[in-house]
Amino acid sequence: MSRRKPGRPGTTSQPRSTSQAGATPDPVSVPRITSSKVSMLDIPDDPWLPRTQDEPDSSVVAFPQSPRKRRRRNLILGLVFLVLLMAGLLAYLIFSPVLALRSVAISGNTLVTSEEAVAALNPLLGEPLPQIADEEVERLLEGFAPIESVTVAAVPPSGLAVTIRERVPVAILQNDGQFVLIDAEGRQLASVKDRDAVQLPLIDGGTEAVNSEVFSSIATVLAALPESILNQLGHASAESVDSVELSLTTDQTIFWGSAEENQAKALVLEALLAAPPTDPPAKEFDISTPTSPVTR
């Protein structure tokens, strides 16, 4: 059997005639690729090649978001919107001139007039109500000695209610034709010209009486008395810290003694004054020992 040498590239081999019985067909000649630039990646739309990131994969199915995730997303968006809305509303209320202070109402005052308190708070007029602090109101009213504390409440849209708590006067001192009201600490609260306008006991010694060694004992006793008895007193004095003496407007005297057991002594005195008068009426009540009171 003879072998046929393959022809050169570019030449076409003539097939043998098939008429010859038993002849073997010539092999098919395949062109040889000699260029190094030919690559399988250069074949467009090759279904066997991996797709790049820029090309969408039509084989991936996009499933819809679950209702639970959708509800969570909507809830978060709703909360964010609500927070922003509340922040905007709060900023509007704080800085809006709609809530600017235009009127002040004063209550609870006796020694300080409402006109004086309102005049002292004039610097607050025009400020938005949310920006007015209690401390600022207290600072403006701290110059009034009778005021112990204040309570502030906003009255929208433009009002402010100030409730004043005043110190309690327990006695009066005479000073240059005027009568000065003092509290249990000796603080001067107010002054009046008419002695009868104030139903409080008078302490001798003028305004310097607060510096005496017996003043503390007298003031402590007066502070322990109920208002019903305090208003019946005309005078209070003491020669020593253990000899406090009170006098009623009915010319009856009360020997209190020391500034001890004040609550018990006040209850005994209240009972004695409420009892039917004796015949002759008692002129002196000695309650220095509250368990054994004596009337004379």
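For region 109-130, a residue qualifies if it is within 24 Å of the chain's Cα centre (by Cα) and either exposed (fewer than 14 other Cβ atoms within 10 Å of the Cβ) or of a type in the set (Asp, Glu) (or both), and the qualifying residues are Asn122, Pro123, Gly126, Glu127. For region 267-293, what are the residues that are surrounded by 13 or more Cβ atoms within 10 Å (Cβ to Cβ) and β-branched (Val, Ile, Thr)? Hits for region 267-293 are Val268, Ile287, Thr289. Take Arg72 and tell me if it is outside any loop (DSSP other than H, G, I, E, B), under 26 Å from Gln199 (Cα atoms) and either without any contact (Cβ under 8 Å) to a residue 24 or more places away in the chain or within 23 Å of the chain's Cα centre (by Cα) (or both). When the stated conditions are applied, Arg72 does not pass them.
Among the residues of region 134-156, just one is open to solvent by less than 60 Å² (accessible area, probe 1.4 Å) and without any contact (Cβ under 8 Å) to a residue 12 or more places away in the chain, namely Ala153. Taking region 109-133 as the range and being of a type in the set (A, V, I, L, M), free of Cβ contacts under 8 Å to residues at least 40 places away in the same chain and under 12 Å from Leu160 (Cα atoms) as the test, the residues that pass are Val118, Leu124, Leu125, Leu129, Ile132, Ala133.
Can you report the number of residues in region 174-185 which are assigned to a strand (DSSP E or B) and either closer than 25 Å to Val98 by Cα or open to solvent by 50 Å² or more (accessible area, probe 1.4 Å) (or both)? First the steps, then the outcome.
Initially, region 174-185 is screened for residues assigned to a strand (DSSP E or B), giving 174-175, 178-182.
Still in the running and either closer than 25 Å to Val98 by Cα or open to solvent by 50 Å² or more (accessible area, probe 1.4 Å) (or both): 174-175, 178.
Residues that pass the stated criteria total 3.
If only residues of region 251-264 that are open to solvent by less than 80 Å² (accessible area, probe 1.4 Å) and out of contact with any strand residue (DSSP E or B) (no Cβ under 8 Å at 6 or more places or on another chain) are counted, the one that is nearest to Ala224 (Cα to Cα) is Asn262.
Okay, residues lined up against (1) closer than 22 Å to Arg139 by Cβ; (2) modelled with pLDDT of 65 or more:
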| site | (1), (2) |
| --- | --- |
| Thr52 | no, no |
| Asp57 | no, no |
| Leu79 | no, yes |
| Met86 | no, yes |
| Tyr92 | no, no |
| Ala100 | yes, yes |
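The values are calculated or read from the model by the stated rules, or taken from the named source; none is laboratory data. What you see is a predicted model, and the numbers here were worked out from it, not measured in a lab. In this analysis, Cβ positions are derived from the backbone assuming ideal geometry, glycine residues included, and neighbour counts consider all displayed protein chains. Only protein heavy atoms, including side chains, enter the accessible area calculation; ligands, DNA and RNA are left aside. Shrake-Rupley method; radii C 1.70, N 1.55, O 1.52, S 1.80 Å.
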